[in-house]
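Heads up: the structure comes next, in structure tokens.
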Amino acid sequence: ACGLRRQEIDLDAGVLRLVETKTGRSVRVLGKEAARLIEKTITRSSDDLIFPNRRGTAPLVMRHGIAAIFDAADIKDAGAHCLRRTYASIAADLGLADSTIGALLGHAARGVTVRHYIARKPDAVMLAAADRVSKEIAAMLDGKGSTAK
């Protein structure tokens, strides 16, 4: 985010088209609230860089600022990467699939998301499917017969 440039923002499509990431070019989907915040930031920024440093010569380095915010809130052993993990955890709690969360985070490989960001949890579709099957089995065991149509 620190190196985000004006030409990488496509608010009409609701995405960031990042030119340079660890894995090369990448498209990241924006939620409506994030897009609104970026739109406000764009209007305040006259520079190509959305988050320039004080001199306007390079991207802002937020690592120390975020650490100071965590320290002021008495949140120990937390850093900027915790924000990314929190995003992934909230997505998992909402029942999104690991593959969807990985895509939102820009992961090329699915295993990265599971290993580093979220505990392995079944997604909402799998939970609903398991519920349907167990309900069917319970109905059959209770002598009510099949509920499938």
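Throughout, read-outs are computed from the coordinates displayed, never taken from laboratory work. Please read all numbers here as calculations on a predicted model, not as lab measurements. A quick note on method: Cβ atoms are made from the backbone with ideal geometry, for glycine too, and the neighbour counts reach across all protein chains shown.
Odds and ends about this structure:
- Neighbours of ASP10 by Cβ distance under 13 Å: Lys/Arg scored +1, Asp/Glu scored -1, total +1.
- Under the Karplus curve 6.51 cos²θ - 1.76 cosθ + 1.60, θ = phi - 60°, whole-Hz ³J(HN,Hα) for segment 97-105, x wherever Gly or Pro sits: 5, 3, 5, 5, 4, x, 5, 4, 7
- In order along segment 54-69, phi translates into HN-Hα couplings of 4, 7, x, 9, 7, x, 5, 9, 8, 3, 6, x, 5, 4, 5, 5 Hz, rounded to whole numbers, per the Karplus curve 6.51 cos²θ - 1.76 cosθ + 1.60 with θ = phi - 60° and x for Gly and Pro.
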